[in-house]
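Nothing in this text is a laboratory measurement; each read-out follows from the coordinates by a stated rule. A quick note: this is a predicted structure, and the numbers were derived from the prediction, not measured. For neighbour counting, all protein chains shown are included, and Cβ atoms are generated from backbone atoms with ideal geometry for every residue, glycine included.
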């Protein structure tokens, strides 16, 4: 496990983030700390806009997540803003049992305060706030399903599974829309789980399928138009005739530990370190398209 995190650190040493000129830095005081975040907004703010909070992975940071995910381009085209928060010690608190790798901060409380702060500063539609993340950031998105579903309409994870945590209170009363994108050859956030802490990807997805009482499933094989990437995508859609809530799993066969679909990860050294990228899908586009189908008021 420790070797994997050392490799993960190497990942970020090799890949420097680009200079971003369209992003604004913000700071809020929370729990005696100055917590940082970066906000990227579309040009037209005349009407309240949807907002996505996008969490970086372990050992990464907010600016790198903006660069790696390439989410701004598609978000702004759809009138969506994106916030990239900064984790303490370059990590997110995903539960007591995993904290030897992460931190002990009240990160759920931080995001709660962050939402209040940005909705008071910018023309944000509080009915359309969504979260997603990569790796440890995706794991933290799962934590927010349990801890902040009163403010977040829908959730997403790329390469991050649900953490077993006996201390977690997850008495969520409402339905939870979820999209989870994951490579089967992910060497860090393993598709089949690892240790005693991390559920498999299927177990993570099924937890919320069961919670939502979704009793039907459709499987679609996405047309493999990019043979050279040595991957293919299976799309699992879980649904019920009694609800508009869906859980979607994009299973990227032979995909690695990358923000799948981002052109940043087409470079050879990414493949050598973290496995195959996929170009039939783009994680940012898939997340945004899914999110925009939901409003918080759908669950009141």
Counting other beta carbons within 10 Å of each residue's own, what order do 279, 33 fall into, fewest first? 33, 279
Rank these for me by crowding, 146, 132, 170, going from fewest to most other beta carbons within 10 Å. 170, 146, 132
GNM flexibility winner over the chain from 247, 258, 118 (Cα, springs under 10 Å): 118
Based solely on its DSSP helices, what 222 nm [θ] is calculated for the chain when runs of n ≥ 4 H residues each add -39,500 (n - 2.57) and the sum is averaged over all residues, nearest 500 deg cm²/dmol? -8000 deg cm²/dmol
Could you work out Rg/(2.2 N^0.38 Å) for region 44-112, with Rg from alpha carbons only? 1.28
Rounded, prolate or oblate: pick one for the chain, where a ≥ b ≥ c are the square roots of the eigenvalues of its C-alpha gyration tensor, a/c under 1.5 means rounded, and failing that, prolate if a/b is larger than b/c, else oblate. rounded
Could you pull the Rg and Dmax for region 182-300, using just the Cα atoms, both in Å? 15.4, 47
In whole angstrom, how far apart do the alpha carbon centroids of region 126-150 and region 210-282 sit? 19 Å
Using a Gaussian network for the chain with springs between C-alpha atoms less than 10 Å apart, which of these wobbles most: 56, 249, 230? 230
Name the most mobile residue of 225, 119, 245, meaning the one with the largest mean-square fluctuation, in a Gaussian network model of the chain with Cα contacts below 10 Å. 225
Diffusion coefficient in µm²/s returned for region 49-201 by Stokes-Einstein, Kirkwood Rh over C-alpha pairs, 10 °C and 1.306 mPa s, is 102 µm²/s
